[in-house]
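Heads up: the structure comes next, in structure tokens.
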Amino acid sequence: MIETIIGIDLGTTNSEVAIVRDGRVEVIEVAPGIRILPSVVGVADDGSLLIGEAARNQYVLHPERSVRSIKRRMGEFTAVHMAGKDYSPQEISAMILRRLREIAEAHIGATVSKAVITVPAYFSDAQRQATREAGEIAGLEVMRIINEPTAAALAYESCHHGAHKALVYDLGGGTFDVSVVNLESAVVEVLASHGNNHLGGDDFDLQLVAFAVAHLQTKHDIDVRDNAVAMARLQRAAEAAKITLSDQPYATLSEEFLAEKDGVPVHLSLEIARDEYEEMIEPFVAETIEAVHVALSGAGLTVSAINEILLVGGATRTPLVQRRLEQELGLQPRADVDPDLCVAMGAAIQAAVIAGGQAPTVLVDVTPYTFGTSAMGSFNGDIYPYCFVPLIRKNTPIPVSRSEAFCTVYDGQSRVDVNVYQGEDPDALNNIEIGRFTIAGLRDAPAGNPLITTFSLDVNGILQVTSREKESGLVHSITIDNAIGRFAGDKLLAARERIDELFDDQDAGPERAGAEGGGSGDGVDGRRLRIEASALIEKAERLLASAGAEDAEDLVNGIEAVKDLLAGSEGELKSAMDALADLLYYLDA
Ligand code: AMP
């Protein structure tokens, strides 16, 4: 049997491991249902090593015994302190790599001794060498170090499309890179790379937090910036709202009992429209677009030389990012491979090729068509009632649900016709109409009354279109069976086969997860969890003495919640601990 070579994305914040098996790329679960391992290492009270989620949780309690973002220090001749000992950056990275190796071994049921590891395109020789050494320390022969944009191009099968040039745009939580790559007969060459090591989706969250803080100031005359607990809660709510705004036209930042003003509780309920949010994050997105131009000029190319844009990193799910790239380069960016996993997938593909296998196909189920509706808008300079508004774009992975807000156009408008089209043409009438309905009985309101239209497409190709009057909740919807199949002609069979395969996968999923569920994941068994809980309580109690009145109350509640659940189920205890750990994190900061 040929030995499996694993592919590893060794990231600043998160890492993943993937393999190719039976011609399929699999990103391996590190715990049931989770395929992302936080790149954090720590030493527990009892001296045992913690890697991943457990280490990240303990970071709050014991930063002196934990290390994160080690990737930023690779290649430096420096000592990293952890639990009273010094380590090289290679050794810390090796701990993460070793854990990933063990996870892969448990999954495959065989020893693993070889790997392909990815690094950013801008990594120097010293940083690459350090990464190679980390692999060796972890007991892995590093068959190849490949560039992250190269791995992404492999995962997107970009290399199969003949000689061309691609722009790989990678926006994560805290880092941004853009690379221009040349692809020719399966050889990927990075022509230029540019970026900012401190720009990412986390900056978007901070904008929403500032928005909420300003709202609390004007509406409730309260400044929560010194209230660590409230700020921590706002940050979580902001990230959730940000993710909602990727698919929905509105999101609500809602936190009950966020703070207190003169003994009266202050509740936050603040709706934000996608347009407002996009205005806030526009400067960050503009900075990334500038970097795109720097990378292009570094490669000696103009915009028109780029044939494809490949998206990498969770924050590329932001519609404004995709739209701005499309405007700037005149191309719809590709988002058909999971942006969080594509680098690991590409590493696994490279590994399979080195092992002598065939380059596999990344199977993702995507819609082959664009679906949308029509609205009044400007068309070639004229006002036209049938401007096509795409909601679900071609090549979007399914199932998918997307919403947009539309407004009534005249005062007192009581009904709106919703037409559903499949096609790409900006003039909706040139597309295929696949359904229509009328939503009638709208409230008597001036023009601009918002309606939210949602398109949901499932794996069976069933499209559900719903329109809801935002203020009244009045709803009307239709279901279009076989929206994909109906006009697919000879593509019908292929789509079915893809869907069958998807179901086969799903059937296999839970069993596999179940089999692995017995494993300890990050070693957080019941006993360890309770030891951690006690340590957390101890730390919280220490902090109580110096906390302000409001923080103290939150702390006491958090401590009580953990204490109450010490003898309870692990799941509940874990959530109470996470809440308390979050509190401590911000009180400590
Ligand atoms: P990564 O470092 O690639 O894992 O990306 C993480 C970043 O992506 C974080 O800032 C997340 O909040 C962000 N993110 C994840 N999902 C979405 C989404 N659907 N829309 C916008 N940002 C997202």
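The values are calculated or read from the model by the stated rules, or taken from the named source; none is laboratory data. Note that the structure is a prediction, hence the values are computed from the model and not measured. Here the Cβ positions follow ideal geometry from the backbone for every residue, glycine too, while neighbour counts run over all protein chains shown. All accessible areas refer to the heavy atoms of the entire protein, side chains included, with ligands and DNA or RNA removed. Shrake-Rupley method; radii C 1.70, N 1.55, O 1.52, S 1.80 Å.
When the residues of the stretch 214-247 are filtered to those that are of a type outside the set (A, V, I, L, M, F, W, C), more than 17 Å from Thr175 (Cα to Cα) and within 12 Å of the ligand (Cβ to nearest atom), which remaining residue is surrounded by the fewest Cβ atoms within 10 Å (Cβ to Cβ)? Only one residue tops the list, namely Arg236. Scanning the stretch 248-263 for residues that are at pLDDT 95 or above and either in contact with a Ser or Thr (Cβ under 7 Å, 6 or more places away or on another chain) or in a helix (DSSP H, G or I) (or both), we see that the one that is surrounded by the most Cβ atoms within 10 Å (Cβ to Cβ) is Ala251.
Ala315 satisfies every condition listed in (1) within 16 Å of the ligand (Cβ to nearest atom); (2) among the small types (Gly, Ala, Ser); (3) assigned to a strand (DSSP E or B) except (3).
Being within 23 Å of Ile243 (Cβ to Cβ), at pLDDT below 90 and β-branched (Val, Ile, Thr) is true for just one of Val459, Val400, Val389. Which residue is that? Val459 is the lone residue from the list that is within 23 Å of Ile243 (Cβ to Cβ), at pLDDT below 90 and β-branched (Val, Ile, Thr). Of the residues making up the stretch 425-442, none is closer than 22 Å to Pro399 by Cβ, assigned by TED's automatic domain parsing to the domain that holds Asn395 and without any contact (Cβ under 8 Å) to a residue 24 or more places away in the chain.
Of everything listed in (1) modelled with pLDDT under 90; (2) farther than 23 Å from Arg323 by Cα; (3) polar (S, T, N, Q), the single unmet condition for Thr438 is (1). Suppose we keep only residues that are open to solvent by less than 20 Å² (accessible area, probe 1.4 Å) and under 19 Å from Met74 (Cβ atoms) within the stretch 10-21. Which one would you say is farthest from the ligand (Cβ to nearest atom)? Among those that are open to solvent by less than 20 Å² (accessible area, probe 1.4 Å) and under 19 Å from Met74 (Cβ atoms), it is Val17. Looking only at the stretch 153-192, residues that are open to solvent by 20 Å² or more (accessible area, probe 1.4 Å), touching a Pro at 6+ places or on another chain (Cβ under 9 Å) and among the β-branched types (Val, Ile, Thr) come to 3 in all.
Scanning the stretch 266-280 finds no residues that are away from the ligand (no atom under 16 Å from the Cβ), over 27 Å from the mean Cα position of the chain (by Cα) and of a type in the set (D, E, K, R). Taking the criterion of being surrounded by fewer than 19 Cβ atoms within 10 Å (Cβ to Cβ), among the aliphatic types (A, V, I, L, M) and touching a residue at least 40 places away in the same chain (Cβ under 8 Å), the residues of the stretch 447-468 that qualify are Ala447, Ile452, Val459. Consider Thr218 against the criteria (1) of a type in the set (S, T, N, Q); (2) outside the structural domain of Met345 (by TED's automatic domain parsing); (3) in contact with a Phe, Trp or Tyr (Cβ under 9 Å, 6 or more places away or on another chain): it satisfies all of them except one. Which criterion is unmet? Condition not satisfied by Thr218: (3).
Per-residue answers, yes or no, for (1) within 16 Å of the ligand (Cβ to nearest atom); (2) among the basic types (Lys, Arg); (3) within 30 Å of Gly263 (Cα to Cα); (4) assigned to a loop (DSSP other than H, G, I, E, B):
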{"site": "Ala166", "(1), (2), (3), (4)": "no, no, no, no"}
{"site": "Asp170", "(1), (2), (3), (4)": "yes, no, no, no"}
{"site": "Gln207", "(1), (2), (3), (4)": "yes, no, yes, no"}
{"site": "Ala212", "(1), (2), (3), (4)": "no, no, yes, no"}
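The residue that is nearest to the chain's Cα centre (by Cα), counting only those in the stretch 22-33 that are open to solvent by 60 Å² or more (accessible area, probe 1.4 Å) and touching a residue at least 24 places away in the same chain (Cβ under 8 Å), is Gly33.
One residue stands out in the stretch 318-349 among those that are of a type in the set (A, V, I, L, M), within 24 Å of Ala18 (Cα to Cα) and within 16 Å of the ligand (Cβ to nearest atom): the one that is surrounded by the fewest Cβ atoms within 10 Å (Cβ to Cβ), namely Leu341. Tell me, please, whether a residue that is open to solvent by less than 20 Å² (accessible area, probe 1.4 Å), within 14 Å of the ligand (Cβ to nearest atom) and not in a loop (DSSP other than H, G, I, E, B) can be found in the stretch 38-57. Within the stretch 38-57, one or more residues are open to solvent by less than 20 Å² (accessible area, probe 1.4 Å), within 14 Å of the ligand (Cβ to nearest atom) and not in a loop (DSSP other than H, G, I, E, B). Tell me, please, whether a residue that is within 16 Å of the ligand (Cβ to nearest atom), out of contact with any helix residue (DSSP H, G or I) (no Cβ under 8 Å at 6 or more places or on another chain) and either outside any helix (DSSP H, G or I) or under 18 Å from Thr318 (Cα atoms) (or both) can be found in the stretch 186-205. Taking every residue of the stretch 186-205 in turn, at least one turns out to be within 16 Å of the ligand (Cβ to nearest atom), out of contact with any helix residue (DSSP H, G or I) (no Cβ under 8 Å at 6 or more places or on another chain) and either outside any helix (DSSP H, G or I) or under 18 Å from Thr318 (Cα atoms) (or both).
Of Phe257, Phe211, all but one fail to be of a type in the set (Phe, Trp, Tyr) and in contact (Cβ under 8 Å) with a residue 40 or more places away in the chain; the exception is Phe211.
Under 20 Å from Leu208 (Cβ atoms), hydrophobic (A, V, I, L, M, F, W, C) and assigned to a strand (DSSP E or B), is that true of Val266? Here the answer is yes, as Val266 does meet what is asked. Residues in the stretch 548-581 that are surrounded by 19 or more Cβ atoms within 10 Å (Cβ to Cβ) and either modelled with pLDDT under 80 or acidic (Asp, Glu) (or both): Asp551, Asp554. Within the bounds of the stretch 272-288, is there any residue that is in a strand (DSSP E or B) and either touching a strand residue (DSSP E or B) at 6+ places or on another chain (Cβ under 9 Å) or under 19 Å from Leu325 (Cα atoms) (or both)? Yes, because at least one residue in the stretch 272-288 is in a strand (DSSP E or B) and either touching a strand residue (DSSP E or B) at 6+ places or on another chain (Cβ under 9 Å) or under 19 Å from Leu325 (Cα atoms) (or both).
Where strands (runs of 3 or more DSSP E) sit wholly within the stretch 70-152, those with at least 3 residues that are open to solvent by less than 10 Å² (accessible area, probe 1.4 Å) and among the hydrophobic types (A, V, I, L, M, F, W, C) occupy 114-119. Specify the residue that is nearest to the chain's Cα centre (by Cα); the eligible residues are those in the stretch 55-87 that are among the aromatic types (Phe, Trp, Tyr) and over 14 Å from Ser39 (Cβ atoms). Residue satisfying both the conditions and the ranking: Tyr87. Counting only residues that are among the β-branched types (Val, Ile, Thr) and part of a loop (DSSP other than H, G, I, E, B), which one in the stretch 367-407 is surrounded by the most Cβ atoms within 10 Å (Cβ to Cβ)? The extreme case among them is Thr367.
Of all the criteria given as (1) in contact with a Lys or Arg (Cβ under 6 Å, 6 or more places away or on another chain); (2) within 16 Å of the ligand (Cβ to nearest atom); (3) among the acidic types (Asp, Glu), the one not satisfied by Asp177 is (1).
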